[in-house]
Amino acid sequence: MLTLDLTNAPRWLDLLPGVRLKLRPLTTALMVSARADPAVEALPPEATTEELALAMAKAVARRAVLDWEGVGDAEGNLVGVTPEGIDALLEIWPAFEAFQGAYLAKGLLLEQEKNASSPSPNGPTVGAKATARRARKSARTALQG
């Protein structure tokens, strides 16, 4: 069952121990906007799935992250949210994996579900439509020899 959440209020996500993100809800508008991100569109057609996943996750995060706690610079000073900071956070493997699993997976599971083929009700050809015309007459048997 698909549960609709009509509140559209930002929520906190515990990303890693001591690190949490305040995120917008994962909406269609957010995903469409991320797909049109210049970094995603600039990927070459031969880009790997992993390169596309990272670029897309960063594009979504730049649009979704409103605030964070527990993120600091090299000297240990807390820093505010910036696009460069978000990209740097997602370059850390555990942070990327946690963001993918806890935030993006919900949207991706629905996308995957939408793209799947459902089985035919009673056998492999029940729902199939004929695409070829019937032959006008039977073909002759091939000659032997």
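The values are calculated or read from the model by the stated rules, or taken from the named source; none is laboratory data. Computed from a predicted structure; not experimentally measured. Here Cβ is always computed from backbone atoms with ideal geometry, including for glycine, and neighbour counts include all displayed protein chains.
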Just checking, how many residues over segment 44-73 are modelled with pLDDT of 95 or more and among the β-branched types (Val, Ile, Thr)?
3
Residue under question is residue 22, and the condition is that it be in a helix (DSSP H, G or I) and in contact with an Asp or Glu (Cβ under 6 Å, 6 or more places away or on another chain); does it hold?
no
If we keep only residues of segment 29-45 that are buried (at least 16 other Cβ atoms within 10 Å of the Cβ) and without any contact (Cβ under 8 Å) to a residue 60 or more places away in the chain, then the residue farthest from residue 62 (Cα to Cα) is 40
Just checking, does segment 3-19 include any residue being among the basic types (Lys, Arg), out of contact with any Phe, Trp or Tyr (no Cβ under 6 Å at 6 or more places or on another chain) and crowded, with 16+ Cβ neighbours inside 10 Å?
no
Can you work out which of the residues in segment 30-84 that are charged (D, E, K, R), over 17 Å from residue 16 (Cα atoms) and in a loop (DSSP other than H, G, I, E, B) is nearest to the chain's Cα centre (by Cα)?
37
